[in-house]
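Input: a single structure, listed below in structure tokens.
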Amino acid sequence: MNVSPKTKDTRALEHERVVPRFTLEGVPDADVRIYPLTTEDKLGLSMLRFQREPCEDVVLVIHGLTTSSDMFIMPEHENLVRYLLDHGFTDVWTLDSRMSNRHPYNLLRHRYTLDDVAAFDYPAAVARIRQEIGDKRLHVIGHCLGSVTFMMSLFGGVVEDITSVIASSAALTPRIPTWSRLKLAVAPFLLERVLDMPYLDPNASHEPLLSRSGLLGRAVDLLHPECDVPACHMLSMMWGTGWPAPYHHENLHDVTHQRGGDLHGATSVHYYRHLRKMVNAGGAVKYDPSDPRLDHLPDDYFDFAEEIETPVLLVTGESNHVFTDSNIVCYQRLESLAPGRHSLEIIPGYGHQDVFLGKDCARDVFPRFVRYLNAHRGERRH
């Protein structure tokens with residue numbers, strides 16, 4: 001991708017959308033339906049179902065924090081959902097959890113933790129899918145904190161009967177760069193208590209100059225001269241360490257790069273506190289062990305790792321500047337507990353988010369997923 005120098009017109013051009021927000025144009029020739037669901041803690045969530053014909057192996061795809069189903073159905077390149085439909089998995093669901101930018105919850109000064117996502121969102125989603133598909137095999141592909149939280153749900157025992165899982169970028173051992181650790185140590189308090197900002201927004205540079213969000217966005221712009229897209233700079237500040245951090249520019253279609261502020265939404269900072277606790281602990285742990293609502297979850301999500309028979313493919317880009325070697329370490333730890341059950345795939349030339357957003361993912365990444373899913377067709381896990 002040709003990265004152009006900054007110009008005075010950049011912010012105006014970013015508002016001229018090429019791709020509509022929340023479009024379904026990226027998945028033609030499929031019956032698309034919306035399925036609302038309600039969690040036990042009384043949040044309304046939603047799923048999209050893309051079906052061409054009945055299939056015995058159904059796939060659920062899960063986004064990370066601040067993204068949504070949209071990262072899997074992008075029209076500017078061959079996206080994951082379309083690739084799965086074209087390669088024999090003709091019933092694909094995408095969940096928009098409470099972390100999705102399709103819902104308003106991230107814009108609130110909330111106190112949800114990753115435990116809440118694990119405890120309430122996935123059981124409700126899987127139960128709703130089961131109402132429609134019965135006892136057909138169900139496979140899951142998760143990314144970023146969607147992967148982390150689904151693994152917490154599965155290994156915490158609140159989701160069962162999953163045939164296989166593909167966990168992208170991070171799973172039960174989130175690890176981050178040193179600069180990211182420093183940001184995690186101070187950012188939640190600084191942003192929420194000192195600056196009184198309810199959320200961080202990739203589109204902060206579009207806010208008025210003298211607003212807190214606008215000033216932050218322009219300050220971050222000064223630290224990121226690598227391209228002319230302000231949302232890209234904010235995403236590097238919000239997630240990871242690098243110029244840019246979430247992906248490699250050369251892996252993205254120009255349209256994808258320009259609409260990063262649409263694909264990645266705003267988020268409040270409390271999830272960061274839980275992530276910080278897990279990073280410091282060296283693995284996925286409960287944020288507040290005294291919370292009675294979460295008594296059915298283990299304090300340490302590795303407690304029952306030997307008993308969980310669902311095979312997991314841990315995937316990471318070889319130069320991941322958001323979660324570094326998280327999945328390599330997770331694979332090693334799981335392999336020591338259950339030798340031969342799980343697998344590891346390192347994707348050359350990719351980082352964190354470009355594993356799904358990259359223009360050539362259908363060539364470089366998705367065939368690896370389909371091979372793994374095909375290897376587990378016909379299996380039943382409990």
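The values are calculated or read from the model by the stated rules, or taken from the named source; none is laboratory data. These figures come from a predicted structure and were not determined experimentally. Don't worry about glycine lacking a Cβ; one is built from the backbone with ideal geometry, like all the others, and counts go over all protein chains shown. Only protein heavy atoms, including side chains, enter the accessible area calculation; ligands, DNA and RNA are left aside. Shrake-Rupley method; radii C 1.70, N 1.55, O 1.52, S 1.80 Å.
Here are the numbers for this structure:
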item: Rg/Rh (Cα only; Kirkwood hydrodynamic radius) as it applies to region 158-271; result: 1.02
item: Whole-Å semi-axes of the ellipsoid equivalent to region 99-224 (Cα gyration tensor, √5λ, descending); result: 35, 17, 13
item: Sequence of 277, 42 from largest to smallest accessible area, 1.4 Å probe; result: 42, 277
item: Local electrostatic count, residue 63, Cβ distance below 12 Å [Lys/Arg +1, Asp/Glu -1]; result: -1
item: Relative intensity, log₁₀ I(q)/I(0), of region 32-185 from a Debye sum that treats every alpha carbon as a point, q = 0.09 Å⁻¹; result: -0.28
item: Charge sum, other residues only, whose C-beta stays under 13 Å from residue 337's C-beta, Lys/Arg counted +1 and Asp/Glu -1; result: -4
item: Probe 1.4 Å - accessible area at residue 324, Å² to nearest ten; result: 40 Å²
item: Net charge contributed by nearby residues that have their C-beta within less than 11 Å of residue 185 (K/R +1, D/E -1); result: +4
item: Cleavage-rule hits, GluC sites (Glu not before Pro), region 291-382, DSSP coil, Cβ neighbours within 10 Å at most 14; result: 306, 307, 309, 318, 379
item: Across 42/277; 286/359; 136/277; 183/286, pairs whose alpha-carbon gap is larger than 32 Å; result: 286/359; 136/277
item: Convex hull of Cα atoms in region 17-93, direction-averaged projection (nm²); result: 6.0 nm²
item: Which label in (1) 124; (2) 156; (3) 142 gives the computed volume of the Cα convex hull per residue in Å³; result: (1)
item: DSSP bridge orientation in the chain - percent antiparallel, rounded to nearest 5; result: 40 percent
item: For region 24-50 and region 212-262, distance of Cα centres in Å; result: 29 Å
item: Solvent-accessible area of residue 343 with every protein chain in place, 1.4 Å probe, in Å² to the nearest 10; result: 40 Å²
item: GNM flexibility winner over the chain from 364, 121, 295 (Cα, springs under 10 Å); result: 295
item: For region 244-298: accessible area per residue (Å², 1.4 Å); result: 33 Å²
item: In sequence order, calculated HN-Hα J values of region 283-292 (Karplus, 6.51, -1.76, 1.60; Hz; x Gly/Pro); result: x, 6, 10, 5, 6, 10, x, 8, 6, x
item: Gyration tensor (alpha-carbon) shape descriptor, region 238-382, a/c threshold 1.5; result: oblate
